[in-house]
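This report concerns only the one structure given below.
Read-outs throughout are calculated quantities, based only on the coordinates presented, and are distinct from any laboratory measurement. Everything numeric here is computed off the predicted structure, so don't read it as measured data. Here Cβ is always computed from backbone atoms with ideal geometry, including for glycine, and neighbour counts include all displayed protein chains.
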Amino acid sequence: MRIRDLWTISRFRLTLLYGAIFAAGVVLLVGLIYWQTAGYMGRQMDQVIRVEAGALTAVRAEALPRRVRQEIERDARHINLFGLFSADGIWIVGNVRSLPHDLKIDGVPHELRATDGYPSGAHALAHRLPWGEILVVGRDATQLGEIRRIILHALLWSGALIVGLGLLLGAGLSLRPLQHVTAIRDASQKVMRGDLAARLPAAPAGDELDLLARVVNSMLDEIQRLVGEVKSASDSLAHDLRTPLTRVRALLHGAAQAGAPEPQRALLEQAIQETDVLLGRFRALLRVSEIESRERMAGFRPVELGRILRQIEELYGPVAAERGLDFHMVRGAKAVVLADAELLFEALSNLVDNAMKFTPPGGRVDVGLGRTNQGARIEIVDNGPGVPAGERSAVLQRFYRGARNQAEPGSGIGLSIVAAIVGLHGFTLDLEDAHPGLKVSLNCWSQWSAGQDRVDLV
């Protein structure tokens, strides 16, 4: 479980938000308590300084030095500051040996600078006595500083504790939703690969994800029913018509062999060819249905792609030479994938055959096996007319034939078979412009990632 995954869960984000708000509230509360406490203690300290200074100013001049010494001796905590100076600032008595430089002689408590050797936060007042001497009375604020340190530590520890507990609580609350999202993602990928029987997990009485999963499952039930009806109708039609067409072909062939006159014989031969085209299309339809039924997945085994490409080269090398094409094969490094070898050979044969069919004499067809960070990739590149960008998804549909290919023989089923095989394996197919021509990339890894003119196969 990664923080990046947790951040996608609303519970985790809300828990962190509430934790941050609570932590900010605690910081503000403790800060307010500190500000009020420090202000109150400061005012109390200044009041004590005024009272002590008032008591000392009431003492006669000749008795004041002795009284200052007595006050210092009675201060067991050593927090009081006393100093008696002559009119020109010469020390007479007290534990303050020098008159503070910035201390105004106005009888009002002021904060002393720690750089002058006084305790941090100490307050003192200076008062000129009627006979000219200067009396300094102050108080050490070490206790106030200690309170400041305690409150600061409380802020740090409470903030860290709240943030830590918020992260743990958020992760704990997000664990089940994250597992639920992962299960929904896995089920959705099965549906994307054509397994319409897959359903999203949903608890009987769960959260909003369960409610959404039940709605999507209902939609998938209806989609599966409709697709099943369409597929059943097309398969039944192809299966039912194949037998009478076979009989018609046999009758036509028999009539052609029965010694019919030459004009009628030519017409019979043409009718036989058209019947063969229809039979080929029905066989292709049934072949697509067989592949899409996913019954072949039980035959998946580790397959070495270089071996299949070697078979392709042996099969299509002579064909390319006969058509005047430059056929070049690069098998690259060894790559093994989990696949059905026969189906994969059939898909690659269709792709290479299409490339050669639409590449003019003197053209070039390159087949290469390479590797990416995700896995193995087979690229088939030709310099023929290519496929317009707007037709690259449509060419994988049944019976679709591009505007440029109407003059070429074919039924428009070959790439549908390729799409079914690629979808069965969970691979992807990218169609890109080769400038000129078409580049077809077969990505041999079960991963759905974005790419240029990418066609997601279902």
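Couple of notes before you dig in:
- Put a dot 7 Å past the Cα of Ser86, heading toward its Cβ, do the same for Arg66, and the two dots end up 2.2 nm apart.
- Peptide packing for 364-374, 266-276 was compared via the average number of neighbouring C-beta atoms within 10 Å per residue; ordered from the highest value, the list is 364-374, 266-276.
- Other residues whose C-beta falls under 14 angstrom from the C-beta of Glu146 contribute a net charge of +2, scoring Lys and Arg +1 and Asp and Glu -1.
- Nearest-0.05 FRET efficiency for Lys190 and His435, computed from C-beta distance (R0 41 Å): 0.65
- Global geometry of segment 324-382, whether rounded, prolate or oblate, following the gyration tensor of its Cα atoms and the 1.5 cut on a/c: oblate
- Protection proxy ranking, highest mean first, for peptides 134-147, 56-69, 383-396: 134-147, 383-396, 56-69, where packing is the per-residue count of other beta-carbon atoms within 10 Å, averaged.
- Extension gain, Arg77 back to Gln273 (0.36 nm per residue minus Cα-Cα distance, nm): 58.8 nm
- Full-stretch length increase - Tyr18, Ala321 - with 0.36 nm per residue and alpha-carbon distance subtracted: 101.8 nm
- Förster radius 45 Å - calculated FRET efficiency between Ser218 and Val163, Cβ distance, rounded to 0.05: 0.60
- Gained length - Gln397 relative to Asp102, 0.36 nm times residue gap less alpha-carbon distance: 97.1 nm
- Average Cα contact separation per residue, segment 3-145, under 8 Å, 6 or more apart, as relative contact order %: 20 percent
- Computed E for Trp131/Met41 - FRET, C-beta separation, R0 22 angstrom, nearest 0.05: 0.05
- Ala250 paired with Ala266, simple spin-label distance in nm, labels 7 Å along Cα-to-beta-carbon: 3.0 nm
- Averaging the Cα positions of each part gives two centres, and for segment 28-87 and segment 179-230 these lie 79 Å apart.
- When you filter the chymotrypsin sites (Phe, Trp or Tyr not before Pro) in segment 313-355 for DSSP loop state and at most 11 other Cβ atoms inside 10 Å of their Cβ, nothing is left.
- Between Ala154 and Val336, the modelled labels are 6.7 nm apart [label points 7 Å from Cα along Cα→Cβ].
- Rounded, prolate or oblate (a/c below 1.5 giving rounded, otherwise prolate when a/b exceeds b/c) for segment 3-145 by Cα gyration tensor: prolate
- Each peptide in 307-314, 80-87 gets a packing score, the mean of other Cβ atoms within 10 Å over its residues, and the list from highest to lowest is 80-87, 307-314.
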